[in-house]
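What follows draws every value from the coordinates through simple rules; no lab data is involved. Remember, it's a predicted structure, so these values are computed and weren't measured experimentally. Methodologically, a virtual Cβ is constructed for each residue, glycine included, from the backbone with ideal geometry; neighbour enumeration extends over all protein chains shown.
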Amino acid sequence: METDPFINKVADKIFNLGLTAPAILFLEGYKPLAFLGSQLLLVTQPVLNIFVSDRLTRNTISLLEHPEQLETLITQLETKAAQLPNLTEET
C-alpha cells in the first residue's frame, strides 16, 4: 500500500519540530473523535479557505475521515520515534 504524500509531509514536519511523542499521544486520544473533526472542517471549509489553501483543507479532511490514514500517520510517527537515540540511558 502506497503512503499518501500528505501523510509523509505531516509526519516529517511533526518529527522535525520534535513533537513526535505529544503528537502520538494526542492522535491516539483523538481517534474516536476524528470523524467528527472532519465533518466540522467540512462545515467551516469556506471560511478556512480564506486563511489556508483549499488543498490543505481537503487533505486534512481526508486524513481525519479515514481511520486507516490516521493510523498510518501514527505508525509513521512511532517508526520515526523508534529511530531516535535513547536519550534517557545513563552513560
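Laid out as a table, the results:
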{"read-out": "Ascending count of other beta-carbon atoms within 10 Å, so fewest first, for 4, 12", "value": "12, 4"}
{"read-out": "Separation between Cα centres of segment 1-29 and segment 54-85, rounded to whole Å", "value": "5"}
{"read-out": "GNM top mover of 77, 56, 41 - the chain, alpha-carbon springs below 10 Å", "value": "56"}
{"read-out": "Given charges at beta-carbon only (K, R positive; D, E negative), |dipole| of segment 20-91 in Debye", "value": "360"}
{"read-out": "Loop-located chymotrypsin sites (Phe, Trp or Tyr not before Pro) in segment 11-81 whose Cβ has at most 10 other Cβ within 10 Å (DSSP)", "value": "none"}
